[in-house]
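Step one of this worksheet: look at the structure below.
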Amino acid sequence: MTATLPAADVGMRFALSDDQRLIVQHVRDYCRAEIAPRAAEYDRSGEFPRGQLRGLAELGLMGATLPEAWDGAGLDSVTYALCLEEIAAADASVAVIVSVQNGLPEQMLLRYGTDAQRERYLRPLARGEHIGAFCLTESGAGSDAANLQMRAERDGDAWVLSGAKAWITSGGQADTYLVMARTGGPGARGVSCFIVEKDRPGLSFGRPEEKMGLHAAHTTTVTFDGVRVPAENLVGEEGQGLIIALASLDAGRIGIAMQAIGIARAALEHAARYAAEREQFGKKLREFEGVSFKVARMAARIEAARLVALKAAWLKDQGQPYGKEASIAKLLASEAAVDVTRDAIQIFGGNGYSREYPVERLYRDAKVTEIYEGTSEIQQLVISRAVFAEYSD
Amino acid sequence: MKILTLVRQVPDAEARVKISGGQVDLEGATLVMDGMDEYGVEEALRLREGGAAVEEIVALATGPKRVEDALRTALAMGVDRAIHVETDQALDPIALSRVVAQVAQAEGVSLILVGGQEADWDSQALGAATAERLGWPQLTWTNELALEGDTLTGRHDVDDGNESFRVPLPAVVTTQQGLNEPRYPTLPNIMKAKKKELRKDTLDAYGAAPTVRVVGSDIQTRARLNKMIDGKDPQAAAAELLDLLRNEAKVIA
Ligand SMILES: Cc1cc2nc3c(=O)[nH]c(=O)nc-3n(C[C@H](O)[C@H](O)[C@H](O)COP(=O)(O)OP(=O)(O)OC[C@H]3O[C@@H](n4cnc5c(N)ncnc54)[C@H](O)[C@@H]3O)c2cc1C
């Protein structure tokens, strides 16, 4: 028996508990009423969605899975994953900011931070008063994160950080940056993790990248010009930084998978409605097999990806390893999102190519899910390594 | 003092309802707390948060088991406990007022908040009927409320504007849009709501049988006239359109 058949007290059960159902329904209603109606406007203006994040913070979604003792909402990973789908179905830009906040800085501080660090940095993140950012990627180190060059030098009871990060979600908007920098020799073991507050002298931000999609989620370079932080800003042990970052990325990938699924579901909903109304050759589009079978495949891809993502979330809740499942979910969900949104445009015909309709935005927003938090190729690397490890004896 | 707020569960405004067997079929429709009742729950919470000596806020609902969801929403918003009079019978407003009045007396409440209008029946009788049974004053269509001791003050709409009022409790108040902006429950409060008391009651105890019986239902459909205006002469076409809008459709003056 391989690791893909873990045993649990309860066998397979796909129903949500009452709490889960009420919460997801509530978040769906909220997102439909408050988030979705403004998504197109934010996409056009590229304004950072502060108000939207504040509203979600009031519900508890900026610290969704953190324990209430740390001002979180105390949700399990499955419920949180379904909430992310709802947010993403309404606005994918908002969803990625929420996913980064919950999945990366908060998880890193919860799992590896000291109580003093949690008190000071985790609480305001959990309450959504602060926005968090995760700084791993550099212009020369993307997929090959272990090769990052940014340095942190010890100077008395402080660390001095020098170098630049690239592609940082919420750069310039975030208050708390979790930064991976080299404190030792080359390779993964030479990297440590630091907390850097926005107002530290020497910290600066590039202009938001002009991206294909996710316009409201700002992405910038972050430059550290001899930024001094006190020694207590080190998270975990010296040399543990990459382990901390990569462990959080496992959870983050479930988040991105759910973001992709949310985007895809929105596209499916729009396509199904449109196909039921639009007529050509005297028939509704959905009466053409060429259209209805496309819709069937779209639904099938979404359902399959969602099940794997929820399984990864469930494994996480059970305290079981879930890295492989998280990577499978991210791979399947992001590919499904790109294909489903492209098919939705096809079903909309010329209207699909127009900004008057939502599906072109969904397509633009979907593409990046195959790239960030590990490209599809990197997911395949992770999955194949796990498979080979399972069959190595 | 205690406040009683009535909660009704109705189809979501965007839900597509079906008719089967002459009755509205809610199978598959999204059901929510009546928006009018959300104003009532929110106002009760605000009166307490505003410093009034409100000991307890109780939510009351009648209806089938599913109505629990609406009560849970009220509990998640901040109501202290809930009473569910479980029945599959649809109660008309007059029958319902019998339940509301009796619960109000049994619970010793001094303020009752009900929706000014019901989203499904579209009736405005519940507040008035409840006040009549209890012999309490009623303030309808309120858009501002404040409590000081046992005195309720506020403003409400009347036919030709609005007036300010002052009334000693007990009283029945009906809500309307604009009274407040109802809060969304937080996720932890949704989970905690499950631990709050939700008492079940049977309808028998209240002797509140509906006297109105629904014998049939129809979905209102609007027939399209598909009237075409010949556009060859734009001036004449515009004039004809104006005439139709003014005299036939009566949508412009
Ligand atoms: C909108 C956006 C937001 C982002 N937010 C953040 C953030 O908040 N924090 C952060 O740290 N980073 C962030 N990133 C960076 C993101 O994680 C990287 O872009 C991603 O890891 C890929 O790195 P790269 O861009 O350098 O591509 P590269 O690593 O240069 O990859 C280029 C191509 O080569 C392929 N490739 C590379 N190595 C291999 C291999 N071994 N086998 C097969 N194929 C390979 C890749 O899959 C890809 O197709 C963000 C990126 C974007 C676009």
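Work out from phi, with θ = phi - 60° and the Karplus expression 6.51 cos²θ - 1.76 cosθ + 1.60, the ³J(HN,Hα) of each residue of region A:62-70, listed in order in whole Hz, and give x for Gly and Pro.
8, x, 4, 9, 6, x, 4, 4, 9
Lysines within cross-link reach of A:LYS198: Cα-Cα under 16 Å, excluding same-chain residues under 8 positions apart?
A:LYS165
Can you tell me the 0 to 90 degree angle between the C-alpha axis of helix A:289-317 and the longest principal axis of chain A, rounded to 10?
That works out to roughly 30 degrees.
Between B:LEU241, B:LEU71, B:LEU203, which gets the highest mean-square fluctuation from a Gaussian network model of chain B, Cα cutoff 10 Å?
Looking only at B:LEU241, B:LEU71, B:LEU203, the largest GNM fluctuation is found for B:LEU241.
Enumerate by residue number the GluC sites (Glu not before Pro) in region B:142-216 meeting two conditions: DSSP loop (anything except H, G, I, E, B), and at most 11 other Cβ atoms within 10 Å of the site's Cβ.
Numbers: sites: B:GLU144, B:GLU148, B:GLU163, B:GLU197; in loops: B:GLU197.
Within region B:142-216, the qualifying GluC sites (Glu not before Pro) (loop, at most 11 other Cβ atoms within 10 Å) are B:GLU197.
Find how many whole Å separate the alpha carbon centroid of region B:115-192 from the alpha carbon centroid of region A:172-249.
First find each Cα centre; the distance between them is then 53 Å.
List the trypsin sites (Lys or Arg not before Pro) within region A:320-393 that fall in a DSSP loop (any state other than H, G, I, E or B) and whose Cβ has at most 13 other Cβ atoms within 10 Å. Show your work: numbers first, answer last.
Values: sites: A:LYS324, A:LYS330, A:ARG342, A:ARG355, A:ARG361, A:ARG364, A:LYS367, A:ARG385; in loops: A:ARG355.
Those that pass, being in a loop and sparsely packed, are A:ARG355.
Can you give me the span-like helices of chain B, meaning DSSP H runs with 15 Å or more of Cα extent along the axis and Kyte-Doolittle mean at or above -0.5?
Values: long enough: B:35-49 (21 Å, -0.87); B:93-107 (20 Å, 0.71).
The answer, listed by residue number, is B:93-107.
Treating the beta-carbon of each Lys and Arg as +1 and of each Asp and Glu as -1, no other charges, what is the dipole magnitude of region B:2-206 about its Cα centre, to the nearest 20 debye? Don't skip to the end; give the middle numbers.
Details: 21 positive and 34 negative charges, 159 e Å.
Approximately 760 debye in magnitude.
Assign unit charges at the C-beta atoms only (+1 for Lys and Arg, -1 for Asp and Glu), then state the dipole size of the protein assembly as shown relative to its Cα centre in Debye, rounded to the nearest 20. Let's see the in-between values first.
Numbers: 72 positive and 93 negative charges, 268 e Å.
Around 1280 debye, computed over the protein assembly as shown.
Given the options A:PHE194, A:PHE48, A:PHE281, state which has the largest fluctuation in a GNM of chain A using a 10 Å cut-off (strictly under) for Cα springs.
Answer for the Gaussian network model of chain A: A:PHE281.
Count the net charge of all other residues whose Cβ sits under 11 Å from the Cβ of B:VAL41, scoring Lys and Arg as +1 and Asp and Glu as -1.
Details: positive: B:ARG46, B:ARG183; negative: B:ASP34, B:ASP37, B:GLU38, B:GLU42, B:GLU43.
Value of the local net charge: -3.
Report, to the nearest 10°, how far helix A:92-103 tilts away from the longest principal axis of the Cα atoms in chain A, using its own Cα long axis and a range of 0 to 90°.
40 degrees
Inside 10 Å of the C-beta atoms of B:179-191, what's the mean count of C-beta atoms belonging to other chains? Intermediate results must be reported in sequence, preceding the final value.
Details: counts 0, 0, 0, 0, 1, 10, 7, 7, 18, 9, 3, 9, 11.
Average neighbour count from other chains, rounded to a whole number: 6.
Express as a percent, rounded to the nearest 5, the fraction of DSSP beta bridges in region B:2-206 (both residues included) that run antiparallel.
45 percent
Counting only pairs 8 or more places apart or on different chains, how many lysine pairs in region A:219-367 have C-alpha atoms closer than 21 Å?
Working: A:LYS283/A:LYS294; A:LYS284/A:LYS294; A:LYS294/A:LYS367; A:LYS311/A:LYS324; A:LYS311/A:LYS330; A:LYS316/A:LYS324; A:LYS316/A:LYS330; A:LYS330/A:LYS367.
Final tally of qualifying lysine pairs is 8.
Anyone know which of B:ASN189, B:ASN143, B:ASN226 comes out most mobile in the 10 Å Cα GNM of chain B?
Most flexible of the set in this elastic network: B:ASN226.
Within region A:322-393, list the chymotrypsin sites (Phe, Trp or Tyr not before Pro) lying in a DSSP loop whose Cβ has at most 10 other Cβ atoms in a 10 Å radius. Walk me through the numbers on the way to the answer.
On the way: sites: A:TYR322, A:PHE348, A:TYR353, A:TYR363, A:TYR372, A:PHE388, A:TYR391; in loops: A:TYR322, A:TYR372, A:TYR391.
Sites meeting the loop and neighbour criteria: A:TYR391.
Charges on Cβ only, +1 for Lys and Arg, -1 for Asp and Glu, centred on the Cα centroid of chain A; of A:ALA299, A:ILE97, A:LEU75, which one is farthest towards the dipole's positive end?
So the residue we want is A:ALA299.
Just so you know, all these numbers are worked out from the coordinates, no wet-lab data involved. What you see is a predicted model, and the numbers here were worked out from it, not measured in a lab. Don't worry about glycine lacking a Cβ; one is built from the backbone with ideal geometry, like all the others, and counts go over all protein chains shown.
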